[in-house]
Amino acid sequence: MDSSPDQTRKRNQNQNHTLAQKSLFLCFSFFLFLFFFSSSHHSFYSHTSLQPSTLSTFPTPTPFPTTKLPVSSLHVLDRILFPDHVLLTLSNPHVFSPKHFHCVYYNLVKGSTPSNSNPVFDVLVLPVLSTDRYDEFRSIARCPLPGKKFSAVDLRWRSGDDDRQPFRFPVQPTVPHSFDKLAYEVALDGDTAVVFVKGLNLRPHQISDAGLLRCHFGPQNGKHWQTTKAVAAAQEVVRCALPQSIQNSPHEARGIISVSVSHVRHEAIFDSVAKIGGYRKQINRVNMNMNKNKLELCACTMVWNQARAMKEWVIYHAWLGVEKWFIYDNNSDDEIDDVVRELEVKGYNINRVVWPWIKSQEAGFSHCSLRAKEECKWVGFFDVDEFFYLREMKQNALISTVGNLSNSIAEIRTGCLNFGPSELRTHPRNGVSVGYTCRLRTPERHKSIVRPDLLHASLLNVVHHFELKEGFGSLNMPQSVAVINHYKYQVWEIFKAKFFRRVATYVVDWKEDANIGSKDRAPGLGTEAIEPSDWRLRFCEVWDTRLKDFLLSNFADQETGLLPWERSSK
């Protein structure tokens, strides 16, 4: 759809205004951080006046969930600026309750100059948004974006009321990272390192020229880098050869060696918060590609605030044969970790992966394919509102399907049937698979189950499917054999959350006035989270109750009528 001249001018003005604000904020942040107190010294303050204190005076907080480490053993490693919050990485993986910490913002007091030996700062204290474990070596805390007046941010132990009085302290330099240009994760895969990086601006959905990229290995200060050539690259993923020293002793690099990327046409190496070994306890190159003792079928998904849907999705697909789930949690704040623990107690094999990197679903799926490769022969990539329905609905039907395929098949593609609100006004209490029963007639797009050991070295994917190794093909599942019920357009109170943000890298956000006709948008909905008067009647061309009828006949408790995901919460 073409924009009018007025719309175009308004959009350009808004974009320019946003860019100007962001540039001003980044420059101001950079200036303040150059004179900001290093987090490795006096990292937390316990007194209500925020005066410096010695480590011996710090109180020990109540563990969260359990740890004996004192809060003084933590310090901030990195600060990463996102559009809607600041992410702080902390020096060990033990997680303290967010109620014990506050985010502290600083601004030079008028009349105080950086040249002063003891400059004066105004202080703003705000509650931490959340805390979480990140990997084997680090935890994270999320802080709100500061206002225009305050920029530099640190994390402090707080036990009293807010104190905004000027605050003096020694100054040492530190610089924040912008997520626009950052190496943010790395995973070892055999004799290569797979680096995940924002800002390369490689062409979407295409394999790139790896000859133009280099990887750099060394301590985080970057004084002694070892450099190797890239062997594959696509989108936000760069694969490079490991330096021989790391190949010989990979365990000695864990948690110590950072990895970054550069382009041969530009001398600068990207900032990096990516450390080797954060997710893997062992590296066994001999058995990496062997299928012996692997699980037959796993599933991977990326979620944001989908706790309400998790139990239904896991319990149902476990019945179809899924043996393990990799849940990439993209900054949820709806206590999804509690739901995961509940499912684990009931015997479901779930690995919740904290993935704080926004607009990175394709990269997250590439990352998941590496993790799943060590444990799973097949892994399905589909969302928690997508449910497989097979012609022969019997226990373990899905795992039987993938287990009987030819060795030349590396991917199964199953078409999606998109369901609408089905005349409902509120979310169905017994689950989406029973509540939503009216859909569009024609399948749209597909989701895939892949052999992770047979993916192309670039790990290129477009969320719906992956690039495969040469010599291997994909199978399009006939609609008469299997489909995916995609409960895409739910009641408005649920669907409107999509306007908050999208997780896919190359999909336009709902509020952006661009690519309005894309299939990634709801047809005719526009860019504002305003409920259409006929929303509950939309996307309804065929009444399809097959899955509902099957579940009520085979899954519901004969006495109470409750389905397993309802009973599990009782």
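Within the stretch 175-186, track down each residue that is open to solvent by less than 20 Å² (accessible area, probe 1.4 Å) and at pLDDT below 95.
Once the filter is applied, which keeps residues that are open to solvent by less than 20 Å² (accessible area, probe 1.4 Å) and at pLDDT below 95, the stretch 175-186 yields only Phe179.
Could you list, in sequence order, the residues of the stretch 76-130 that are among the charged types (D, E, K, R) and at pLDDT 85 or above?
Asp78, Arg79, Asp84
What is the residue count in the stretch 538-553 for residues that are in contact (Cβ under 8 Å) with a residue 24 or more places away in the chain, open to solvent by 90 Å² or more (accessible area, probe 1.4 Å) and not in a loop (DSSP other than H, G, I, E, B)?
2
Please verify whether the stretch 493-502 includes one or more residues that are open to solvent by 80 Å² or more (accessible area, probe 1.4 Å), modelled with pLDDT of 80 or more and in the same structural domain as Leu460 (by the TED database).
The answer is yes, given that some residue of the stretch 493-502 is open to solvent by 80 Å² or more (accessible area, probe 1.4 Å), modelled with pLDDT of 80 or more and in the same structural domain as Leu460 (by the TED database).
Restricting to the stretch 468-489, name every residue that is buried (at least 18 other Cβ atoms within 10 Å of the Cβ) and in a loop (DSSP other than H, G, I, E, B).
Selection gives Met477, Tyr487, Lys488, Tyr489.
So how many residues does the stretch 314-331 have that are touching a strand residue (DSSP E or B) at 6+ places or on another chain (Cβ under 7 Å) and open to solvent by 20 Å² or more (accessible area, probe 1.4 Å)?
Of the residues in that region, 1 qualify.
Would you check if there is a residue in the stretch 393-411 being of a type in the set (D, E, K, R), assigned by the TED database to the domain that holds Arg546 and over 25 Å from the mean Cα position of the chain (by Cα)?
Yes: the stretch 393-411 contains one or more residues that are of a type in the set (D, E, K, R), assigned by the TED database to the domain that holds Arg546 and over 25 Å from the mean Cα position of the chain (by Cα).
Looking at the structure I just gave you, is Ala230 of a type in the set (A, V, I, L, M, F, W, C) and over 20 Å from the mean Cα position of the chain (by Cα)?
Details: of a type in the set (A, V, I, L, M, F, W, C): yes; over 20 Å from the mean Cα position of the chain (by Cα): yes.
When the stated conditions are applied, Ala230 passes them.
Within the stretch 554-570, can you find the residues that are within 32 Å of the chain's Cα centre (by Cα) and either open to solvent by 80 Å² or more (accessible area, probe 1.4 Å) or over 26 Å from Ile336 (Cα atoms) (or both)?
Arg567, Lys570
At least 3 residues that are open to solvent by 20 Å² or more (accessible area, probe 1.4 Å) and β-branched (Val, Ile, Thr) in each: list the helices (runs of 4 or more DSSP H) lying fully within the stretch 340-435 that qualify.
Of the helices (runs of 4 or more DSSP H) lying wholly inside the stretch 340-435, none has at least 3 residues that are open to solvent by 20 Å² or more (accessible area, probe 1.4 Å) and β-branched (Val, Ile, Thr).
The values are calculated or read from the model by the stated rules, or taken from the named source; none is laboratory data. Bear in mind the structure is a predicted one, so any value in this text is a computation, not a measurement. All Cβ positions, glycine included, derive from the backbone under ideal geometry; neighbour counts span all protein chains shown. Accessible surface areas use protein heavy atoms only, side chains included; no ligands, DNA or RNA. Shrake-Rupley method; radii C 1.70, N 1.55, O 1.52, S 1.80 Å.
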